[in-house]
Structures are given as C-alpha cells and as structure tokens.
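Below is one structure, written out as structure tokens; the observations come after it.
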Amino acid sequence: MPETPVAMPTAEHDPYLWLEDLNDETAAWAAERSEESLSIFSGKRFERHLREADEIMSSKDKLVLGTRRGDYVYAFYADGDHPRGLWRRTHKHDYDAYVSPETEPEWEVLLDIAELGKAEGQPWVYGGMKICRDGYDRALVTLKPGGSDTNVIREFDLATKEFVPDGFVKPLSKGDMRWLNRDTVLLSHSFENEVTRAGYPRTVRLWKRGQAIEEASLLLEGQESDMAVSGHNFNLPGFEKTMVYRAINFRNFELYDMNRQTYELTRLQVPQSASSGAVRDWMTVLLREDWTIEGTVFKAGSLLVLPYTDAKTTPVAARVQVIYEPTPATSLLSYSGVKNGIYFTVLDNVRTRLFFAEDAADSWVVRDIQPDIGDFNNIRVQPVNPESRNGVNLIVSGFLTPSTLYRGSFEGDTAFTAENFRVRKLRSAPARFDASGLQVRQRWVTSDDATRVPYFVVGAPAALDGKEPAPTLLTSYGGFEVSQTPAYNGLIGKGLLEKGYVYAVGNIRGGGEFGPAWHQAALRENRIKAYQDFAAIARDLVSAGITTVPQLAAKGSSNGGLLMGNMYTRYPHLFGAIVCQVPLLDMKRYSHLLAGASWVAEYGDPDTEDWDFLREFSAYHNVNPADIHPTMLLTTSTRDDRVHPGHARKFMALLEDLGKPVHYFENSEGGHAGAADVKQRAHMFAMIFTYLDNAILP
C-alpha cells in the first residue's frame, strides 16, 4: 500500500482525467510504462514466444478465403514479407482448382498496402473493398490510418490498377460509401454539424459522379442521439433493392426502402429491434422481441420471411412464414441469401447445425443439411455467387481443427434436398501446433441465480479429468449478442496448449448463444449476471481440479475488458492473473468518449439515474485498496477511436498509485484491434504469453 492516501475516483472527481487527452505529455506517459513492460518481459522466454508467434503470423501457407465478383476472386493476404498485406485477385476457375500449395493460382496484386503507405506517408491498414457490379471494373477501397475506425474510401480502377483521378473519394471520417450504379454512390460521411453524439455520420446522401461532395443530395437525416445513418444494397439480378436506415442504437433500426429510379423513401413496416434484409422478393426479419400481427405472435429469436411489398405497406400474418423458431436450447447464429433460398446456421447447446430454406413457389421449405464436421466444430457460410447460384463455401473450424474450406452445392442446382447436397473439401490451413493427446469438452455450471451456463475446455485429459491441475486461461465476452463458438487459434495452441496449458471459453449471458433472451438477461441493470456467470466458471475450473486459483488466468478485450475489470474488482480471489485488452472501465465517462454514446442501450446512461446501477460495474470506481489483487496486464492502442485508450490509462495510473502489481502496454497504432499488422499481432501475443508464464506457471 502507498504511504500517502490515493485520491480515489468518484462520480464527482476524476483524478486521472488528464490521461484522456491525446497529446505529447500523455503519449510520453504511456511510452514510459510500455517500455518498462517490454523490459520486464524481455528474455529467452519472450524471444521463444515471439519467434513461434511470428512464424505463424508470417507464414505463407494460410487458408486464403476470397470473394467472387464477376470472373475473379478477390482476397486480402498478409505474411512476413508483406505484414501490411496485399489486396489481390485470381481467376475464379483457378481459385476453385486451388486444393494444395502445388496448385496455388497466380495472384495479380492490385495494391501493396505498405508501399502505398510509404508513398503517401500514412500508416495505412486495409479496410475492405466493394466492387461495382456494372462491369466489375471499379472498386471502392477502404483505408484506415493506423487501423482506426476513421477511414478514407477511394475509387479504384481494376483495369489500370490505379486510383481513379477525380473519382469518388470519401475524405477521412467515420462512415461508408456504397455503389448504387457506376456513376452514383450512397455516401455516409461525417460532414460538419452532421455527426451523431457517438461520432458517426448523421446523414446518408446520394452522390453523383462529377458533383462536389458538398453537393451530394440528402436522402435521410437522423438525430444527434442516433448511432449512425447509412445504406445497404441487395444485388440479386432482377430483385435489386436499396435500404437506407437510421441506426438508433446497436439493436434498433428505422428502415426505408429507396426507389432506385426516383430515390423516394418508403418506411418499412418491420420491428425496429429486428435485424432485417432482403432475399429475392422477400423481406427477412430476425426478431429480437415478440412481434404480434393481427393477433398472431411471432416469437423473439425467430427468422421470418414476408412479401417485400407487404413490408412497404402492411404486413399480413397469413403471408408471414417462419423459417426458424428457437427452442430453449437453440438460437439462430447466421443466415445468408442465395439464388433460390437461405442458408442458415443454428446453435444447438452451442453446437453448430446447417439448414437450407428453399423458396418453393411462395412456400418456403426448410431442410436439415448438416454435413459431418465433427462434434465441436463450427461452420461459417459464405455464398459463392448468390446472384446466379446456390453454392456456398463452408469454412469449418474448431479448437483443434485448422480452418478448412469446403464447397457445398445442390447437385444440378435443382433438387434442394439433404440427399442432394454435396460437400467437397477444397483445402485446409496446416496445423500450427501439436494437438496430439488434447481433447475438447463442454461443461455446464450453475450461476448465482440457478441459471445453467456452458463453457468449453481444451487440454490434456489428465487436467480435464482433474488428476493433474494445469495452468489455465479462461476467456469470454458477454455482450452485444456476440456468441463465443469454437475456432482454431494457432497462436493459443502453440503458445499455451502445446506447453501444457488448458484453454477455456465461457458462453456467459450477454452473448447470443441462446438467442435474444440470453443477451437481454445481462443488459443494463442486469449486467452483473454476466460477471456472476464468468465467476461460476472460474470456480468450477478449480473445484473440478482442472486448475488452481494461482494457476488460473482470465483474458478479455473491449466489452470483455470490462468483464476483466469486474473480475479484478469483484472477484480478485478467484484468479492468479488477468489480461485486460482495449477495455471499457470508466462507466461514468464512457458515453462521452468516442463511440461510447452508441452503447447506452447496452449499458445504461450514466448521466441519468442509470448511474445507480452503472456504478456497480464501473471497475474504475470499484477498486478496493484493501483487497489482495492478482497481477494484471493492461493493453490498449493510441489509435483506438472506438474505445478510448483513456480507460486503460486511467486504470493503470490508479493501480500504479495504489501499489498494485500491474503492467501496461500501449501500441501507437492498431485501432480497436490493438495491432495494425501481422508483426504487431505476433509481438502482442508473445508479450501476453510471457506475462502468463511469469504469473501463473508453477
């Protein structure tokens, strides 16, 4: 404990407020602590972790996943020689024939991101592309300085492989730009006095070629309290549609259909809380709350289709069809439209299943087409050419299964039955660690309010059976309806599992593993339930003999960083170490910092009576100096313009002044990802693994 009492933060007084400023003084403060951490972690153990992580991140034999547009497949690729990455393409037939290193196609490089950054004096990070479907010869390329959410979008000529002189350019801002046709784009840009409280564009405009950007005509304007305003296209030939929307918050949208000839807007009559889209002449609606139409109740969590014309006028219950309805054990994970229907994945007690819903003469037929992918593996669906075909790429991955690409299609593209669904393996990423002898299991625990909560645990049987307790890393997220599903992570496998660690992933409330109700159970004043769930998992790992308290570490980022802050303040006795990355921690100030205002629906508004419950999980305001706390590693990025680095900075300063065992690292770029390229990512993981080794290895 420090000899002089530390001024603790309160709602009325923040002694470390100055660290929110991004200036030379605070940059020097962050650099000093970052360099101290690097010095502490340096040595043979760090060098080994860095070498192994760099070998994985810099490898040239990654599974390349592309996006088909016209005759080409486009992909972004990064390795040790090109850490910032290459945007490139190859012919679709060559991509489909690519099954091994020997058959890798010849790639045509369109942009070398590092070379572009060097020429322009900007630390560009690639942010994606959108190709114009009128000719497939122009693209809108997104570039992010240092990996921030703020971006520039430029028009690119795919024939000359150069940016178009006097083409469409969205200046540096948060926002988006999408093709309407070759000479018109939908523009969502942060014009002066047209920004929401969260820092996103408040208008969407129609911008025609040859116009000055200030002349772009207004389509829709939202309110300052909204999250953002933008637009989206659905491009199935013959069924093209454009929607523009007000995102009131993360889970509520006011949708409008835009007539592509007159640009007239028509309000779509679907629930604001639903996630909606279009497939052919149908409106898709994924409900987050019950929806009653003419006395008929459609359950929250259901996926519905209704005639698009009805959505523009008045929905009719008899013409609404239920594609999927949840059960207590299942929830919809994702869905993707193709030429003749919808593929969708369902979590069944957090195990993935695949279905196809066929649009059969105005009567939708659903079929279970689950391929044999392994008990705990996950499927991600990527339509191949939804404008003209029903084939999909299936990316299969699990804790011990490297990402593998399959092509799924219905034979003849006519009979949409399970028996007619064919799956062939195209290629797989190589194994990055030795998984021999390791197992994956699912365990269930009972939380404080008797709710049953599942989690996955990966490791050697001796540890999982409770015979030989092992160092363990437990992670989760618990917010924004984000589900934690099995996935292959070569860095975790090489850095931890191969060295005797156990890895555990919690499916706590706040996520989407059991549908909207699972998310809503931990909203606002109920946020504490997510923390109770995580703590219950931590206790179970110890009581089952899988690990011990001194050997148990927790790790989380962003909203998961807030989770870590609450493990530190509410349950310090359960952990030997905590890794807290790009976190929210100050819930009194969060809504005034960067994008924080857009999360009020998730957490509550600290400028109202909501502070009464927000105070309870504002980690920055709940550190008890008298508690014995585990060691902590805090990481953030100066360039993070989503979750302000001030959260991590102020928490670090407080713990430092209290004399608590804490380490800090702030990357100068990287945005909310915390790292801007494969080299920085390898370095970050090497530091985390070294910290864990030092903190919890016996």
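Derivation of every value follows stated rules applied to the coordinates shown; laboratory data play no part. Just so it is clear, the structure is predicted and the values come from calculations on it, not from any experiment. With ideal geometry, Cβ positions are generated from the backbone for all residues, glycine too; neighbour counts draw on all protein chains shown.
Assuming a ≥ b ≥ c are the square roots of the Cα gyration tensor eigenvalues, decide whether segment 256-333 counts as rounded (a/c under 1.5), prolate (otherwise, with a/b larger than b/c) or oblate.
Values: a/c = 2.25, a/b = 1.81, b/c = 1.24.
Note, shape of segment 256-333 comes out prolate.
What number, rounded to the nearest 500 deg cm²/dmol, is the helix-based mean residue ellipticity at 222 nm of the chain, given -39500 (n - 2.57) per DSSP H run of at least four residues and division by all its residues? All intermediate terms of the calculation are to be shown ahead of the outcome.
Numbers: 14 runs with 132 residues, N = 698.
It lands at -5500 deg cm²/dmol.
Relative to a virtual label point 7 Å from the Cα of residue 27 in the Cα→beta-carbon direction, which members of segment 671-696 show backbone nitrogen distances below 20 Å?
Label zone hits: 671-677, 680.
How far is the Cα center of segment 112-149 from the Cα center of segment 517-566, in Å?
Cα centroid to Cα centroid, the span is 38 Å.
Quick one: which of 63-73, 334-344, 530-540 comes out on top by average Cβ neighbours within 10 Å, and what's the full order, highest first? All intermediate terms of the calculation are to be shown ahead of the outcome.
Values: 63-73: 18.6, 334-344: 21.2, 530-540: 24.1.
Top to bottom by mean Cβ count within 10 Å: 530-540, 334-344, 63-73.
Which whole-percent values make up P(r) of segment 327-429 when all C-alpha to C-alpha distances are grouped in 5 Å steps starting at zero?
3, 13, 23, 27, 19, 11, 4, 1, 0
All other residues with a Cβ under 14 Å from the Cβ of residue 403 taken together, and with Lys, Arg as +1 and Asp, Glu as -1, what is their net charge?
Numbers: positive: 62, 380, 425, 427, 432; negative: 61.
Counting the neighbours of residue 403, the net charge comes to +4.
Quick one: net charge around residue 620, please, counting Lys, Arg +1 and Asp, Glu -1 for every other residue with C-beta under 10 Å from its C-beta.
Numbers: positive: 588, 589, 650; negative: 14, 586.
That sum, taken over residues with Cβ under 10 Å, equals +1.
If Lys and Arg each add +1 and Asp and Glu each add -1, what is the summed charge of the other residues whose beta carbon sits under 10 Å from the beta carbon of residue 598? Before the final figure, lay out each step's value.
On the way: positive: 197, 642; negative: 226, 602.
Here the count lands on 0.
Using packing as a proxy for protection, rank 78-91, 313-326, 548-561, 634-647 so that the peptide with the highest average count of other Cβ atoms within 10 Å comes first. Mind showing how you got there, number by number?
Values: 78-91: 18.1, 313-326: 15.6, 548-561: 23.1, 634-647: 26.0.
Result, highest mean Cβ count within 10 Å first: 634-647, 548-561, 78-91, 313-326.
When you take every Cα atom in segment 468-578, what is the radius of gyration, and what is Dmax, the widest Cα pair distance, in Å?
In order Rg, Dmax, the Cα atoms of segment 468-578 give 13.7, 40 Å.
At a Cα cut-off below 12 Å, give the aspartates and glutamates reachable from residue 494, other chains included and same-chain residues fewer than 8 away excluded.
Reachable aspartates and glutamates: 52, 54, 55, 434.
What are the radius of gyration and Dmax of the chain, computed over its Cα atoms and given in Å?
25.2, 78
Using a Cα-Cα cut-off of under 18 Å, which lysines could be cross-linked to residue 170, ignoring same-chain neighbours fewer than 8 residues away?
Straight-distance partners of residue 170: 130, 144, 208.
Please list the non-local residues whose amide H lies under 5 Å from the amide H of residue 228, H modeled 1.01 Å from N, same-chain partners needing a gap of 5 or more.
Those lying under 5 Å, H to H, from residue 228 are 247.
Are there any helices in the chain, counted as whole DSSP H runs, that stretch 15 Å or more along their axis by Cα and score at least 0.0 on average by Kyte-Doolittle, and if so which? Please report the intermediate quantities before stating the final value.
On the way: long enough: 24-41 (25 Å, -0.43); 44-57 (19 Å, -1.41); 528-543 (22 Å, 0.38); 559-570 (16 Å, -0.28); 646-657 (16 Å, -0.26); 678-696 (27 Å, 0.41).
Length and hydropathy pass: 528-543, 678-696.
Quick one: grab the alpha carbon gyration tensor of segment 559-698, order the square roots of its eigenvalues as a ≥ b ≥ c, and give me rounded if a/c is under 1.5, else prolate or oblate depending on whether a/b is larger than b/c.
Numbers: a/c = 2.17, a/b = 1.17, b/c = 1.85.
It is oblate, given that a/c is not under 1.5 and a/b is not larger than b/c.
Which order do peptides 423-436, 490-503 fall in by mean Cβ count within 10 Å, highest first? Walk me through the numbers before you get to the answer.
Working: 423-436: 15.1, 490-503: 21.9.
For the peptides 423-436, 490-503, the packing ranking is 490-503, 423-436.
Say each of residue 441 and residue 605 gets a label point 7 Å from the Cα, pointing the same way as Cα to Cβ; how far apart are those two points in nm?
Distance between label points: 4.8 nm.
What size of dipole, in debye to the nearest 20, comes out for the chain about its Cα centre when the only charges are +1 on Lys and Arg C-beta atoms and -1 on Asp and Glu C-beta atoms? Write out the running numbers ahead of the final one.
Details: 74 positive and 92 negative charges, 300 e Å.
Roughly 1440 debye for the chain.
Where a Cα-Cα gap under 16 Å defines reach, which aspartates and glutamates qualify for residue 650, not counting those fewer than 8 residues away within the same chain?
By straight Cα distance, residue 650 reaches 12, 14, 20, 21, 25, 32, 586, 640, 666.
Can you say what percent of the DSSP beta bridges in the chain, counting only those with both residues inside, are antiparallel? Round to 5. Don't jump to the answer; show the numbers that get you there.
On the way: 130 of 155 bridges.
Close to 85 percent.
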